[in-house]
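This report concerns only the one structure given below.
Taken together, the values in this text are just the output of simple stated rules run on the coordinates, not laboratory data. The structure presented is a predicted model; accordingly, all values stated were derived computationally and were not measured. Cβ atoms come from the backbone with ideal geometry, glycine included; neighbour counts cover every protein chain shown.
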Amino acid sequence: MRRIVRIASLAYALAVYAFIFLPVVVLVLFSLQSTSFPIPPFTGPSLRWYEAVLSDTRLTSALVNSLLVASISSLAAVTLGFLSAWGFARFVLPGSALLRGLITLPLTVSYLIIGMGLLVLFNWAGVPKSLLAAGIGHVVINLPLCFAIIYSQMGDHQINIERAARDLGAPEWKVLLLVTVPVMAPAIFAGFFLSMTFSWDEFVISFLLTRFDTTLPVEIWNLLRSGLNPKTNAVGSLVFAVSIVLVVLFELTLLRRKPV
Amino acid sequence: MSTTGNDRRALPWALVTPALGWTLAFFVLPFIAMGLSSLTAHEGGGFGLSNYSQFFTNPSYWQAMVNSLQVTAIVTVVSVLLAYPFAWILAEQVPERWQRLALMLAVLPFWTSYVVRSYSWLLVLAQNGVINRALTGSGLISEPLQLANTRLATVTGFVHFFVMLLTLTIFANLKQLSPSYRKAAADLGAGPVRTFLHVVLPLTLPGIMVGAFLTFVLCIGDYITPQILGGNNELLMPQLVMMQIGRRGDFPLASALSIILMAVVTVAYLACARWLKIERT
């Protein structure tokens, strides 16, 4: 009986792993295709499609745009998130629960609706479509996330260290910069990298709010019109690689710290 | 905490105001703008509920909502059914020291962008894609199957993503379960099957509900997966919304449809929250 369960478990787990990895393996494998269609049979390996991606200025500038939007919007989100988390965790504010609820509210709304709202507002206000507009949207989706991560990590332990610094005569800004930020660094970095990941992969807000200069997911979307193409595989594999790096950084900063 | 002087009283507000201001300006205000826009007419102007009444009178709009609800329901059920045994195997059958790695591997593709993930499934499901080539090559079928641009393709793309998400939430749930419950059940003479059905499953049910709700919300609001994999044969709500913006520039109707979509999610949330509360007491 036990052996049957083990064998069935193993078979089931392998089947699910196969299902999960099938599209990724196909994506990466056929990015190395040497002929012009990313379909069987495999004719590679060849790096010609990666060369094609890197010599395509639309894609490379979209890549730079994506990195810029992701890093600047994440920096803004983590700064706003950290300051507000500190404010709510350390001071008693009237209506605190309600206000915290307001900050985390965007988490419950789909990106499409956040993007739609900004599109309508910017359209009325005469704000042109741009990377800046998309970046503003990315801060909206990532601020609640950064706030939640940092707020949840602010415990009594840090309060005591801060109190000690204050008792020793440190002004508030010194407490913030020299005590709170270093102590909270893991949560701050975790919020930053997670925001980077989400902003880097985000499509719908960028699609609605940018026009000529756009981010990589939107540019990949434009590539899809030409059907299946190994170049799309190559750029998709690159996007995936960057995401993995960001996720690993996130894992290392937040999860390593906690003793399991 | 001792607060002395004006300086100390102003500080907390100085800390929280930027984040609150940002949320008000770029989340609440846009939402109000969308609400107002949904009450105007695309052509001719004037306030009214015509955009909303269009949704209820135009059968193709109504159909998009029906499609969305059907697809979301299928995806949620299939994903839970696939993910639960998988999470259970990871938590119970895999040796403790390998569990972290096994879980990380299982959710690795979770982090690819929506666009890339959907495109990857297109490679698998296309007319001359991997599955059709394998099936025709092995002589199982003579003509390639129509897999892409179908509801099946949309569901497959969604299930792929949500199996990973649910595996994460259910795994965490199973690990939080104290082993003493299972020991107690075993001591009282219950076999492994009875222990699972009467102890483990009921205790993880709230976690499953949370995961299922998350699946519902993310699935019903997604534009990419149905657009790339399902194509335009059958429209889901987000596709209908984007169509109003893209083809016709009809922001008011798109706003009204978005608000209806949000209302459905809110109703689901209220239903879910109530159900969960009943479960807990």
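Among the residues of B:120-131, the average count of other protein chain beta-carbon atoms within 10 Å of the residue beta-carbon is 6. With R₀ set to 30 Å, the beta-carbon distance separating residue A:36 from residue B:78 gives a calculated FRET efficiency near 0.25. Evaluating 6.51 cos²θ - 1.76 cosθ + 1.60 at θ = phi - 60° for every residue in segment A:159-165, the Karplus couplings come out as 4, 5, 5, 4, 4, 4, 4 Hz, glycine and proline recorded as x.
Helical content alone sets the calculated 222 nm signal of chain B at -23500 deg cm²/dmol, taking -39,500 (n - 2.57) per DSSP H segment of four or more residues and averaging over every residue. For the peptide B:221-233, the mean number of other protein chain Cβ atoms found within 10 angstrom of a residue's Cβ is 2. Coupling constants for segment B:216-224 follow from the phi torsions by the Karplus curve (6.51 cos²θ - 1.76 cosθ + 1.60, θ = phi - 60°), and in residue order they are 4, 5, 5, 6, 6, x, 8, 9, 4 Hz; glycine and proline get x. Taking the centroid of alpha carbons for each part, segment B:101-115 and segment B:171-228 are 20 Å apart.
Taking 7 Å along the Cα-to-C-beta vector as the label spot, tell me the residue B:105-residue B:183 distance in nanometres, rounded to one decimal. Here the modelled spin labels are 3.1 nm apart. Computed over chain B with a Gaussian network model linking Cα atoms closer than 10 Å, the most mobile of B:188, B:203, B:11 is B:11.
For chain A, the longest principal axis of the alpha carbon atoms and the long axis of helix A:181-201 meet at an angle near 30°.
Counting only alpha carbon atoms, the long axis of helix A:131-152 and the longest principal axis of chain A meet at about 60°. In the distance distribution for the protein assembly as shown, Cα-Cα pairs more than 30 Å apart total 56 percent.
A helix-only calculation puts chain A at -24000 deg cm²/dmol for mean residue ellipticity at 222 nm, using -39500 (n - 2.57) for each DSSP H run of at least four residues, averaged over all residues.
FRET efficiency for the pair residue A:105 and residue B:138, taken as 1/(1 + (r/R0)^6) with r the Cβ-Cβ distance and R0 = 60 Å, rounds to 0.70. Relative contact order for segment A:1-76: what percent, with Cα pairs under 8 Å and sequence separation of 6 or more? Dividing the mean separation by the residue count of segment A:1-76 yields 16 percent. Counting lysine pairs in the protein assembly as shown that sit 8 or more residues apart in sequence, or on different chains, and whose Cα atoms lie under 30 Å apart gives 7. Computing FRET efficiency as 1/(1 + (r/R0)^6) for residue B:96 and residue B:32, where r is the C-beta to C-beta distance and R0 is 41 Å, gives about 0.20.
Between residue B:58 and residue A:173, the modelled labels are 5.6 nm apart [label points 7 Å from Cα along Cα→Cβ]. Residues whose amide H falls under 5 Å from that of residue A:214, counting only those 5 or more places apart or on a different chain, are absent, with hydrogens built in the peptide plane. The percentage of C-alpha pairs in segment A:57-255 whose separation is greater than 23 Å is 51%. The stretch between residue A:157 and residue A:54 holds 32.2 nm of extra length on full extension. This uses 0.36 nm per residue minus the Cα-Cα distance. Phi-derived couplings, Karplus 6.51 cos²θ - 1.76 cosθ + 1.60 at θ = phi - 60°, listed residue by residue for segment B:160-171: 3, 5, 7, 4, 5, 4, 6, 4, 4, 6, 6, 4 Hz, with x used for Gly and Pro.
Normalised by the number of residues in segment A:57-255, what is the relative contact order in percent for Cα pairs under 8 Å and 6+ residues apart? Averaging sequence separation for qualifying contacts and normalising by length gives 34 percent for segment A:57-255.
Apply the a/c threshold of 1.5 to the C-alpha gyration tensor of segment B:24-280 and tell me whether it is rounded, prolate or oblate. Here segment B:24-280 falls in the oblate category.
The mean number of Cβ atoms from other chains found within 10 Å of a Cβ in peptide B:104-111 is 6, as a whole number.
If I take every Cα pair under 8 Å that is 6 or more residues apart in chain B, average their sequence separation and divide by the length, what percent do I get for the relative contact order? Relative contact order here is 27 percent.
With semi-axes defined as the square roots of five times the eigenvalues of the C-alpha gyration tensor, the equivalent ellipsoid of segment A:96-201 measures 34, 14, 14 Å, largest first.
Annotation: amide H-H contacts under 5 Å for residue B:148 (H modelled 1.01 Å from N, sequence separation of 5 or more, or interchain): B:127.
The slack between residue B:10 and residue B:193, meaning 0.36 nm per residue of separation minus the straight C-alpha distance, is 59.8 nm.
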